[in-house]
1. Hey, S149 hits all of (1) in contact with a helix residue (DSSP H, G or I) (Cβ under 7 Å, 6 or more places away or on another chain); (2) hydroxyl-bearing (S, T, Y); (3) open to solvent by less than 70 Å² (accessible area, probe 1.4 Å) but one; which does it fall short on?
2. Regarding P191, is this residue more than 25 Å from R89 (Cα to Cα), within 13 Å of the chain's Cα centre (by Cα) and outside any helix (DSSP H, G or I)?
3. Taking the condition closer than 20 Å to A21 by Cβ, among the hydrophobic types (A, V, I, L, M, F, W, C) and either assigned to a helix (DSSP H, G or I) or over 24 Å from the mean Cα position of the chain (by Cα) (or both), does V121 pass?
4. Counting only residues that are open to solvent by 60 Å² or more (accessible area, probe 1.4 Å), outside any helix (DSSP H, G or I) and within 21 Å of G182 (Cα to Cα), how many does the range 124-146 have?
5. Regarding the range 221-235, can at least one residue be identified that is surrounded by fewer than 21 Cβ atoms within 10 Å (Cβ to Cβ) and assigned to a loop (DSSP other than H, G, I, E, B)?
6. Condition check: exposed (fewer than 11 other Cβ atoms within 10 Å of the Cβ), at pLDDT 90 or above and under 30 Å from M162 (Cβ atoms). Does W240 satisfy that?
7. Can you say whether T148 is over 23 Å from L204 (Cα atoms) and touching a residue at least 60 places away in the same chain (Cβ under 8 Å), as far as the supplied structure shows?
Amino acid sequence: MLEMAEYLVTAATVIVLFAVATCFAAVTRSHGVKTQARTRALVAVGDGPAEAMEARPEAMPQRKSSLGWWATAFQIAAVVLLTAYIVVRMTYTGHGPFSNQHEFAIAFAWGILLVNLFFDVRYRIRLISLIVLLVAGGMLVYAMTLDTSVKPLIPALQNSLMLTLHVSFAVVAYGAACVSFGAAVLYLLHPSIRRVKLPRLEVLDDIGYRAAVITFPLLTIMIVLGSVWANTAWGRYWGWDPKETAALVTWLVYGAFLHVRVVRDWRAARPPGCSSSASRPCCSPTSATTSSAACIPMRERGGRSGSSHSWRWWPSCSVGST
């Protein structure tokens, strides 16, 4: 039965790789739609017939939406398959599948996919999913190269309840940390990437922060449960072994980030003159003329570059009177 269940891991790995390819196609398709829309707008203000060019790219957003739907569906399928495999292995061994390197890799890939699915459905930013899915796919490929046999637990691991609770919190915590990592990578690369349409810095900053907010309390619970487990198994709460030290350093890094974020309001750089408590878009005039009216893109206003009604779009601040 366990050997048959291993095909679930193989299927989940293939599906995750399909999800990576779909996310990549959705990202590149988004760039293509943006380029064609810009070309269409330039033709519309020329002397040629605009009506003939308006209808050509209309099917592209639907195809992009379809690719996004498939990317989410692939992630759901992978989570279901890995959940089934974990349940089968738990039934066979009598404890959570957290006792060897293969089981750890499967469990962490499951946690990464589960948390990323939540953020993918909420924010629909395929670039972050692309980075996170690459990590999850790498974990699954690594797990398939390891020994999958079931061996008796060593005495220190025979507390099934504490083992399951401790590692379960770790799995979800590091899954959220992986999403925060994906947002941070895009945030750092934002000034250097030009060929692909990236989310705004404020959005990436918000996703990274929210994922860190999930990570930190789960890491705290994980460390506390690990200490209790260590006292039960070895008679001491803390021994400064490499795993304990690495967990503590990770906890301190996330704690420091959340501290400066909340206390010092350390967040993404904002356009000049915009409020940090903004909830609506704002704009800044490119000439001396000012207005408190809502800002909309230039093409919709009919303005031209250099005119007194030309506005520059800032996507994440409130409109204030000027």
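1. (1)
2. Values: more than 25 Å from R89 (Cα to Cα): yes; within 13 Å of the chain's Cα centre (by Cα): no; outside any helix (DSSP H, G or I): yes.
So P191 does not fit the description; no.
3. Values: closer than 20 Å to A21 by Cβ: yes; among the hydrophobic types (A, V, I, L, M, F, W, C): yes; either assigned to a helix (DSSP H, G or I) or over 24 Å from the mean Cα position of the chain (by Cα) (or both): yes.
Taking the combined requirement at face value, the residue satisfies it.
4. Within the range 124-146, residues that are open to solvent by 60 Å² or more (accessible area, probe 1.4 Å), outside any helix (DSSP H, G or I) and within 21 Å of G182 (Cα to Cα) number 1.
5. Filtering the range 221-235 down to residues surrounded by fewer than 21 Cβ atoms within 10 Å (Cβ to Cβ) leaves 221, 223-225, 227-235.
Right, trim to assigned to a loop (DSSP other than H, G, I, E, B) and you get 235.
Yes, that holds for at least one residue.
6. Numbers: exposed (fewer than 11 other Cβ atoms within 10 Å of the Cβ): yes; at pLDDT 90 or above: yes; under 30 Å from M162 (Cβ atoms): yes.
Considered against the rule, which asks whether it is exposed (fewer than 11 other Cβ atoms within 10 Å of the Cβ), at pLDDT 90 or above and under 30 Å from M162 (Cβ atoms), W240 comes out as yes.
7. Working: over 23 Å from L204 (Cα atoms): yes; touching a residue at least 60 places away in the same chain (Cβ under 8 Å): yes.
Yes, satisfied.
The values are calculated or read from the model by the stated rules, or taken from the named source; none is laboratory data. Note that the structure is a prediction, hence the values are computed from the model and not measured. Glycine also receives a Cβ, built like all others from the backbone with ideal geometry; neighbour counts cover every protein chain displayed. Areas reflect the complete protein model, heavy atoms only, side chains present, ligands, DNA and RNA absent. Shrake-Rupley method; radii C 1.70, N 1.55, O 1.52, S 1.80 Å.
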